[in-house]
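Visitor: Shown below is the structure under consideration.
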Amino acid sequence: MALWGNTDLVTNAGTIGIAYTNGLVTGAGTTFVTAGVSTGNVITVGTGATYGYAIVESVTDATTLTIVNTDNLVDPAADVPAGATYFISQEPLYVLGDSHFRAPESKTSGFSTSPVFTGVFGVDEIELGVANAASGDARKYAAPHTGWVGITTYVDCHGTVRVKSEVLVAGGILTTSDAPDDGQFPDA
């Protein structure tokens, strides 16, 4: 099992439910096998990670996989009801233990009364080039390097959008195009 891959969206097709007793993830309209989901991928459950996240232990078929444990779900002793949204990524596993860069979320913090967004994104050379060529608020998303980047955004007390980035895994692992998979770092 690798510590990270190069895709920030492996799949999000369909919906899922999770049984906490055995870590069984049951999907509806999912394509776990053909999408390339594998051991060590990170599954973020619910819009804005409302249910939390887990690490994929094994993939059985297109609609069934198991997770390592439920420790990182919001309520690790409760089932996630069927019909929950999700996405699976190859983000660095060590980020899951970092309270600042866990699953994507919006929260209110001490330095802003507006919601503060945090998330981790795979940024390839194409996405970095687009961000560097942008203007206005879009330019603020230009990371200092390709790789896995932690992003924090908020609106300060003057109404100005602030974007802070931290390169978590620098590298050429994302050199051509990881997928047209996110809005923060468009591929074109």
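Visitor: Any residue at all in the range 68-89 that is aliphatic (A, V, I, L, M), over 21 Å from Gly150 (Cα atoms), touching an Asp or Glu at 6+ places or on another chain (Cβ under 6 Å) and not assigned by TED's automatic domain parsing to the domain that holds Phe117?
Guide: Looking for residues that are aliphatic (A, V, I, L, M), over 21 Å from Gly150 (Cα atoms), touching an Asp or Glu at 6+ places or on another chain (Cβ under 6 Å) and not assigned by TED's automatic domain parsing to the domain that holds Phe117, one finds at least one in the range 68-89, hence yes.
Visitor: Another question about this same structure. Before we move on, is Ala133 of a type in the set (A, V, I, L, M), at pLDDT 85 or above and over 22 Å from Thr50 (Cα atoms)?
Guide: Here the answer is yes, as Ala133 does meet what is asked.
Visitor: Being more than 20 Å from Tyr51 (Cα to Cα), at pLDDT 85 or above and outside the structural domain of Gly48 (by TED's automatic domain parsing): is that true of Ala138 here?
Guide: no
Visitor: Turning to a different aspect of this structure: Evaluate the range 150-172: report whether one residue or more is touching a strand residue (DSSP E or B) at 6+ places or on another chain (Cβ under 8 Å), under 15 Å from Gly129 (Cβ atoms), part of a strand (DSSP E or B) and modelled with pLDDT of 85 or more.
Guide: Among the residues of the range 150-172, not one is touching a strand residue (DSSP E or B) at 6+ places or on another chain (Cβ under 8 Å), under 15 Å from Gly129 (Cβ atoms), part of a strand (DSSP E or B) and modelled with pLDDT of 85 or more, which makes the answer no.
The values are calculated or read from the model by the stated rules, or taken from the named source; none is laboratory data. As the structure is a computational prediction, the values presented were derived from the model and not from experiment. Glycine gets a Cβ as well: all are built from the backbone with ideal geometry, and neighbour counts include every protein chain shown.
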